[in-house]
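Below: the structure, in structure tokens.
Readers should treat all values here as calculations from the given coordinates under stated rules, not as data from a laboratory. In this text, all values refer to a predicted model and were calculated from it rather than measured experimentally. Here Cβ is always computed from backbone atoms with ideal geometry, including for glycine, and neighbour counts include all displayed protein chains.
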Amino acid sequence: MKAIPVTAIADIGKSNKKILLFDEQYQLVFEHVVQLSEITDEEGFPCEDLVALKQFIIEGLASVVTDRRFQVNAINFSAYGASFVHLDAEGIPLSPLYNYLKPFPEQLQDEFYYTYGGREELSRVTASPVLGSLNSGLQLYRIKKEMPDLFSTIRCSLHLPQYIAFLISGLQQTEITSVGCHTHLWDYDHRCYHPWVEQEKLIDLFPPLVKAQQTASIDFCGKSLRCGTGLHDSSAALIPHLLQEEDPFLLLSTGTWCIALNPFNHAPLTQDQLQNDCLCYLQYTGEPVKASRFFGGHIHEQGVAALADRHSLSRNEVYQHEEYRQLMQQLVDEQAKCITRVEGESPLNTIIVDGGFSTNSLFMKLLSEAFPKKKIKASTMHQGSALGAAMVLG
């Protein structure tokens, strides 16, 4: 039987880690999903197990590349953002992959904003609210101030999507969708790194910027392949819709975070939006995308677990319980506020729901009730982040 030509994607979420294969029509033809247990950093805070993650990625991709059913022609990567891997001169990680949910020291945060123009202005120009460790640039600032010995040994800092790409290609690169996702690193006014990045000498740790469409020719498991740079998963999820939708739309990408992405609202972020967790992402083209984040998937999981525990129910039984509808109504009410914040004056008649909640009939019904004049539809492009990472390679 003739091998199927495919693009392989390693898609790394907070919860699920996946190896996916798409054929030349971008149809999913293979999927392998695992959940990896977290470890803890030196202060006991949960974090990603980099050793287990590296093993999963290399072994998973090696398995499909050597599978005679498939002819893997290209590999790319999508992963969650706000996470750095710091490498030494040999390319070995020097520290844990610090969790973006780890509390950030208040005094150090005050010092940073006092030095670099204040919360409001820095948030405006970097198109990101004040988010502590979720502003990944502050993770490096913290290491420099609190762990100078560690900082002095860092030779390269890669956002997680580019670290995963480095594991396969051996290339250290910086890609715009990762730099632009609520990092406090990118100056949206001047389309370059913010001056504080250079003043703190962090810029020396970042490899040159490359385009998301860029590939390198590599040899992997004895096969010649094209290898991509990796993309931030939320920005990657937008790509299939930008390429295929004819009319303006808002994409609601749902997972651990539920992110409302509006690429058709070009008005500058207001202080009210910034104070309500609105921000800008960057498209793979470098253009800004107004977004509003809500920790919906995480809250949903906590709520389901609490209901199951309180009433001694299985997960499936929870979905049939009257209190589950109340939980979902509260979630959708908050989600609707997020969507409204970034809708603006843009002529949006369609909301496309991608990810986990797109298959939740109650969520879709309640969202339709919240926006009765809009068309609410589930994305037909499953595995949107991975699909975007495949499509950007062409």
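Summary table
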read-out	value
Share antiparallel - DSSP beta bridges, the chain, percent rounded to 5	65 percent
Nearest-0.05 FRET efficiency for E121 and H382, computed from C-beta distance (R0 30 Å)	0.15
Label-zone membership for region 214-236, site T66, 7 angstrom Cα→C-beta point, backbone N under 18 Å	219-225
Largest to smallest principal axis extent of the C-alpha atoms in the chain, angstrom	64, 56, 47
Amide H within-cut-off set for N99, under 5 Å, with H built and near neighbours excluded	none
Gain upon complete extension [N276, R155; 0.36 nm per residue less C-alpha separation]	40.0 nm
Stokes-Einstein D (µm²/s) once Rh is taken as the Kirkwood radius of region 325-378 over alpha-carbon pairs, at 10 °C in 1.306 mPa s	139 µm²/s
Estimated FRET transfer efficiency (L171, Q213; beta-carbon r; R0 22 Å; 0.05)	0.90
Descending principal axes extents, region 304-345, alpha-carbon based, whole Å	46, 14, 13
Label-to-label distance, nm, for residues given as N349 and Q244 (7 Å Cα→Cβ offset)	2.0 nm
Where N is the number of residues in region 231-350, Cα Rg divided by 2.2 N^0.38 Å	1.22
The chain - mean residue ellipticity at 222 nm from DSSP helices (-39,500 (n - 2.57) per run, n ≥ 4, rounded to 500)	-11000 deg cm²/dmol
For region 4-232: Kirkwood Rh in Å [reciprocal of mean 1/r, alpha carbons]	18.4 Å
Farthest positive-ward along the chain dipole, Cα basis, beta-carbon charges - from Q139, L97, I9	I9
Relative contact order (%) - criterion: Cα under 8 Å, at least six apart; region: region 1-113	28 percent
Region 31-102, dipole about Cα centre (Lys/Arg Cβ +1, Asp/Glu Cβ -1), debye to the nearest 20	400 debye
Amide H within-cut-off set for H182, under 5 Å, with H built and near neighbours excluded	C280
Ratio Rg/Rh [Cα only; Rh per Kirkwood] for region 11-88	1.02
10 Å-binned pair-distance histogram of region 125-170 (Cα, whole percent)	22, 41, 34, 4
Distribution of pairwise C-alpha distances over region 48-133, 10 Å bins, in %	12, 29, 27, 19, 9, 3
Stokes-Einstein D for region 162-219, Kirkwood Rh over Cα pairs, 37 °C, 0.692 mPa s (µm²/s)	262 µm²/s
Ranked packing of 203-213, 307-317, 259-269, most packed first, by mean Cβ within 10 Å	259-269, 203-213, 307-317
Gain in span if fully extended, V33 to M147, counting 0.36 nm per residue against the direct Cα distance	37.5 nm
Rg and Dmax of region 102-178, Cα atoms only, in Å	14.3, 41
Amide H contacts of F70 (H built 1.01 Å from N, under 5 Å, at least 5 apart or other chain)	I4
Student exercise, the chain dipole from Lys, Arg, Asp, Glu Cβ charges, in Debye to nearest 20	940 debye
Sites T285 and Q199 - FRET efficiency at Förster radius 22 Å, r taken between beta-carbons, to 0.05	0.15
